[in-house]
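Report on the structure given below.
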Amino acid sequence: MRKGQMEIIGLVVIVILITLGMLFLAKFALNTKQANTLLLRKGLASSSVPALLKTTVDAGICDGGAVPQLQDVLEDCARNYPPELSRSVLSCEGKHSCDFFRDTAQKLLDSTLGSWRKKYEFRSHLIRTPGIEPIALLDPPVGSEGGCPSTKSRDSSGAFPLPTPDAGLIQSVLFVCD
Amino acid sequence: MNKKSQIHLSETVAIIFIFFILILFAAIFYFNFQKVAFKEKQKELVEARAIDVITKSLFLPEFLCSKGEAEPESNCLDMMKVRNSAKIFERYNQTYFEIFSYATITINQTYPEHFKMIVYDQKPPVWEQKKPTFFVVSLKDEAQGKDFYGFGHLIVEVYS
């Protein structure tokens, strides 16, 4: 074998070694998100929705001495949607139940997820009849700035159903991202 | 030794020198990488322990929202039980230390009223850093009315 050919083989070996090194580095650099962090984010998303909907509104806020849970407020919102066309049965802080639910949900999620620098997006849809396009009860959705678009790595609470006797099925979902 | 052989020898010495320099760089990179990997592993273990403590707290009968033989409510802490847990923790200190080890568990209600309650606090004699982990929970409080639920979170701090 000629000296020139030997040199080319040596060069190829070096290139292969450098490529392998780069691949090894990229493997570790891209795999930085820890499983624990993702597990916690998923847990946060799935625990926040039931906790939010179960929350009892402070006494003295709603008219007539009512102390509803936020799920009752959301149900009332679904029954009397859209807010521009009908008045809600529950009146808290003088607002329509849809507006009161939106403001309270935003406040509660900001005090938890927001304060931990997590971004979130909370959506609620009303399915009046199966097969018909669901109605967005919170439009735009309740969320932190920028929300959690599907293009980002996000975790979902999964659809949280809330059946109502007369309005239909309310389905809520919370997305949490970093 | 002729001149050609001398040049060849110095060429070989230079190549060996460069080879060892490359090996040295690789070794430095490897040790730095190992150092970072060790720190990451340590962080991961602390996080795993925090998750473990959170899970144990959420399912601890001393905190859990239960009603007779009915299925307990998930992600819910009964404030009537929590208020009394401090005395139990103090009395059976060793038992709870075996469950939670060195950790601080705080319950923080953000709605309707703001309040913070430290329910378990065991700090190690020496620690470098603490890692707080949060979890959203419902805080059932029948002292405030039937089916009253506050909104809050559990803060678990583990030490390393």
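Considering only residues of the stretch B:35-58 that are surrounded by fewer than 14 Cβ atoms within 10 Å (Cβ to Cβ) and within 13 Å of another protein chain (Cβ to nearest Cβ), which is nearest to B:V158 (Cα to Cα)? Quick ask: steps written out before the conclusion?
The initial filter retains those residues of the stretch B:35-58 that are surrounded by fewer than 14 Cβ atoms within 10 Å (Cβ to Cβ), namely B:35-42, B:45, B:55.
Cutting the leftovers down to within 13 Å of another protein chain (Cβ to nearest Cβ) gives us B:36-37, B:39-42, B:45, B:55.
Working: B:V36: 21, B:A37: 20, B:K39: 16, B:E40: 16, B:K41: 15, B:Q42: 12, B:L45: 10, B:T55: 14 Å.
Out of the qualifying residues, it is B:L45.
Which condition does A:S46 not pass, out of (1) out of contact with any Lys or Arg (no Cβ under 9 Å at 6 or more places or on another chain); (2) more than 9 Å from every other protein chain (Cβ to nearest Cβ), if it passes all the others?
A:S46 satisfies every listed condition except (2).
Yes/no per residue for (1) in contact with a Phe, Trp or Tyr (Cβ under 7 Å, 6 or more places away or on another chain); (2) over 30 Å from B:Y149 (Cα atoms); (3) touching a residue at least 24 places away in the same chain (Cβ under 8 Å); (4) not in a helix (DSSP H, G or I):
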{"residue": "B:K4", "(1), (2), (3), (4)": "no, yes, no, no"}
{"residue": "B:V13", "(1), (2), (3), (4)": "no, yes, no, no"}
{"residue": "B:F33", "(1), (2), (3), (4)": "no, yes, no, no"}
{"residue": "B:K39", "(1), (2), (3), (4)": "no, yes, no, no"}
{"residue": "B:A48", "(1), (2), (3), (4)": "no, no, no, no"}
{"residue": "B:V53", "(1), (2), (3), (4)": "yes, no, yes, no"}
{"residue": "B:S57", "(1), (2), (3), (4)": "yes, no, yes, no"}
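Take the conditions modelled with pLDDT of 90 or more, within 14 Å of another protein chain (Cβ to nearest Cβ) and outside any loop (DSSP other than H, G, I, E, B) and apply them to B:L77. Does it pass?
On the way: modelled with pLDDT of 90 or more: yes; within 14 Å of another protein chain (Cβ to nearest Cβ): yes; outside any loop (DSSP other than H, G, I, E, B): yes.
In short, yes.
Looking at (1) within 14 Å of another protein chain (Cβ to nearest Cβ); (2) surrounded by fewer than 19 Cβ atoms within 10 Å (Cβ to Cβ); (3) part of a strand (DSSP E or B), which is the only condition B:T110 fails?
Every listed condition holds for B:T110 apart from (2).
More than 24 Å from B:C76 (Cβ to Cβ), surrounded by 15 or more Cβ atoms within 10 Å (Cβ to Cβ) and away from chain B (no Cβ under 13 Å) - does that describe any residue in the stretch A:51-67? Give the derivation first.
First, the residues of the stretch A:51-67 that are more than 24 Å from B:C76 (Cβ to Cβ): A:60, A:63-65.
Filter once more, keeping what is surrounded by 15 or more Cβ atoms within 10 Å (Cβ to Cβ): none.
Scanning the stretch A:51-67, I find no residue that is more than 24 Å from B:C76 (Cβ to Cβ), surrounded by 15 or more Cβ atoms within 10 Å (Cβ to Cβ) and away from chain B (no Cβ under 13 Å), so the answer is no.
When only residues in the stretch B:122-160 that are acidic (D, E) and touching a residue at least 24 places away in the same chain (Cβ under 8 Å) count, which is farthest from A:D110 (Cα to Cα)?
Taking the stretch B:122-160 and keeping what is acidic (D, E), we get B:128, B:141-142, B:147, B:157.
Filter once more, so that each one left must be touching a residue at least 24 places away in the same chain (Cβ under 8 Å): B:128, B:141-142, B:157.
Working: B:E128: 30, B:D141: 23, B:E142: 26, B:E157: 21 Å.
Only one residue tops the list, namely B:E128.
Name the residues in the stretch B:8-36 that are under 18 Å from A:I14 (Cα atoms) and small (G, A, S), would you?
Matches in the stretch B:8-36: B:A14, B:A26, B:A27.
The values are calculated or read from the model by the stated rules, or taken from the named source; none is laboratory data. Just so it is clear, the structure is predicted and the values come from calculations on it, not from any experiment. Every residue, glycine among them, receives a Cβ derived from its backbone with ideal geometry; neighbour counts consider all protein chains shown.
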